1. Determine which member of the set Thr73, Thr52 is of a type in the set (S, T, N, Q), in a helix (DSSP H, G or I), open to solvent by less than 50 Å² (accessible area, probe 1.4 Å) and at negative phi.
2. Would you pick out the residues in segment 13-41 that are open to solvent by 30 Å² or more (accessible area, probe 1.4 Å) and aliphatic (A, V, I, L, M)?
3. Out of segment 4-49, which residues are small (Gly, Ala, Ser) and part of a helix (DSSP H, G or I)?
4. Can you report the number of residues in segment 207-234 which are of a type outside the set (Ser, Thr, Tyr), at pLDDT 95 or above and open to solvent by 50 Å² or more (accessible area, probe 1.4 Å)?
5. Can you name every residue in segment 177-203 that is in a helix (DSSP H, G or I), of a type in the set (A, V, I, L, M, F, W, C) and at pLDDT 65 or above?
6. Quick check on segment 98-114. Is at least one of its residues under 28 Å from His143 (Cα atoms) and not basic (Lys, Arg)?
7. What are the residue pairs meeting all of these: first residue in segment 197-219, first residue within 15 Å of Arg142 (Cβ to Cβ), second residue open to solvent by 80 Å² or more (accessible area, probe 1.4 Å) and not in a strand (DSSP E or B), Cβ atoms under 7 Å, and 6 or more apart or on different chains?
8. Mind listing whichever residues of segment 56-70 are assigned to a strand (DSSP E or B) and open to solvent by 20 Å² or more (accessible area, probe 1.4 Å)?
Amino acid sequence: MNDSTTYQEKREKIEEYFDRTAADQWARLTSDAPVSGIRKTVRAGRERMRETLLSWLPEDLQGRRILDAGCGTGALAVELARRGAYVVAIDLSSTLVQLARERLPQDLHGGKLEFVAGDMLSTSYGNFDHVVAMDSMIHYERHDLVLGLAGLAQRTSQSVLFTFAPSNPILATMIRVGRIFPRSDRAPFIEPVAETLLRIELARSAGLGDWAAARTEKISSGFYTSQAMELCRS
């Protein structure tokens, strides 16, 4: 997937957006600072999604190596480390990674946490017991999403947890309107994915031959809609 033109183009746009355009907004959204009503719904939705993904992992993660793929400002990575895991938390945005380092609490209850600015799909970070990708792959088309998951699964022994933007008429209409009226500061477009088609492509992927989709849960909170899915070795 790293050689995919679509993936590379999206990756560059995402990196530029979070490093230059939206760094201050994202820092505020992921803090306890007051935000607008719309952003409150997004904050609440992200918190519920984070809790959902955490609930799909063991409470005791001692001895486990976990990749937080697209870690943002590090809230999920911190919780994983507090369960005893060794966490490699990667994000394209060096600005967000620096903020995550600044927010890193002193006490991780025995866990270890390494923040890295880079490509979450790079093979240079080694193998993992679990991978979590929360809202970091929602900008990629279904084919690129599946290729990325297959690449991550090849280096993972137990489970890959990820989220996607579930396709629905309202979201599709909002995206179409947004593309008609582009703005220079607009976030990279979300790519809605139909769950049925995603499951078919996951099942057909050569790189996921011994993996199967397990739990799934959709979180809707105002302007935030995202669906979690678990891949486990079959």
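1. Thr52
2. Hit for segment 13-41 is Ile38, nothing else.
3. Selection gives Ala23, Ala27, Gly37, Ala44, Gly45.
4. Number of matching residues: 5.
5. Leu197, Leu198, Ile200, Leu202, Ala203
6. Checked against the condition, which is being under 28 Å from His143 (Cα atoms) and not basic (Lys, Arg), segment 98-114 yields no hits at all.
7. Leu197/Arg142; Leu198/Arg142; Glu201/Arg142; Gly207/Gln154; Ala213/Arg199
8. Just the residues of segment 56-70 that are assigned to a strand (DSSP E or B), to begin with: 65-69.
Correct list: Arg65 only.
The values are calculated or read from the model by the stated rules, or taken from the named source; none is laboratory data. Just so you know, these numbers come straight off a predicted model, no measurement behind them. Here the Cβ is made from the backbone with ideal geometry for all residues, glycine too, and neighbour counts use every protein chain on show. The protein model used for the area step is the full one, side chains on, heavy atoms only, and it has no ligands, DNA or RNA in it. Shrake-Rupley method; radii C 1.70, N 1.55, O 1.52, S 1.80 Å.
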